Amino acid sequence: MTRNPQDPAQPPVYGLDHSAYRCRDAEETRAFYEDVLGFPLTLALHIDRHPTTGEPVDYLHIFFDIGSGDPDHPSHIAFFEVVDHPGDDPAELFKRRWGMDLHFAMRVADHDALDTWRNRLTERGVAVEGPVDHGMFRSIYFHDPNGYRLEFAAAEAAEQQVFRQEAAGARDQMARWNAWKQTRVTTGAS
């Protein structure tokens, strides 16, 4: 649960409810997330209108439980299979992206769990990169059938300490970044 320290009256936020993405094919996506990763399909909704604009659009919205550990506030990764939407270019929508542009990271218990996931994915024919040591945690990376980059991350005690140290200096690092970036803009550096 998170509260804004500057506003104690702010209602609490319980973490991720869901993060949603387009998919090429709902069944292909279901098979990957449920059969390969083991995330149960918890909801599938056929909807024929855009929820905010009212625009006619046929889509299936599917949700997979990614295990928040809190039954009252579950976390999901969700997808939309949209049928016949004007202007869609599937080749562009579902191409693999550069790793920093878009990825979805999930926490696992420790390095042993990370190794187990790496082996599980590899055995099921999924190409895995890593583990990559980030200093404050380790990760493995892989793609789903839609081209989205996924990550499992694990931090053990020493890495958690590094994370806490880095977190303590986050505002200072942000200020240094902004100053550095402004220097580059004013000098025309590229």
**Message:** Among the residues that make up region 134-147, is at least one of them more than 29 Å from Arg22 (Cβ to Cβ) and either in the same structural domain as Tyr33 (by TED's automatic domain parsing) or aliphatic (A, V, I, L, M) (or both)?
**Reply:** yes
**Message:** For region 123-145: of the residues being part of a loop (DSSP other than H, G, I, E, B) and in contact with a strand residue (DSSP E or B) (Cβ under 7 Å, 6 or more places away or on another chain), which is farthest from Tyr33 (Cα to Cα)?
**Reply:** Phe137
**Asked** touching a residue at least 24 places away in the same chain (Cβ under 8 Å) and in a loop (DSSP other than H, G, I, E, B): does that describe Gly38?
**Response** no
**Residues of region 155-190 satisfying the condition of being within 17 Å of Phe137 (Cα to Cα) and polar (S, T, N, Q)** = Gln160, Gln161, Gln165
**Prompt:** Of the residues that make up region 12-29, is at least one in contact with a Cys (Cβ under 9 Å, 6 or more places away or on another chain) and either part of a loop (DSSP other than H, G, I, E, B) or in the same structural domain as Phe79 (by TED's automatic domain parsing) (or both)?
**Reply:** yes
**Message:** Going residue by residue through region 69-76, is there one that turns out to be among the hydroxyl-bearing types (Ser, Thr, Tyr) and part of a helix (DSSP H, G or I)?
**Reply:** no
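The values are calculated or read from the model by the stated rules, or taken from the named source; none is laboratory data. Remember, it's a predicted structure, so these values are computed and weren't measured experimentally. We place every Cβ from the backbone using ideal geometry, glycine too, and count neighbours over all the protein chains shown.
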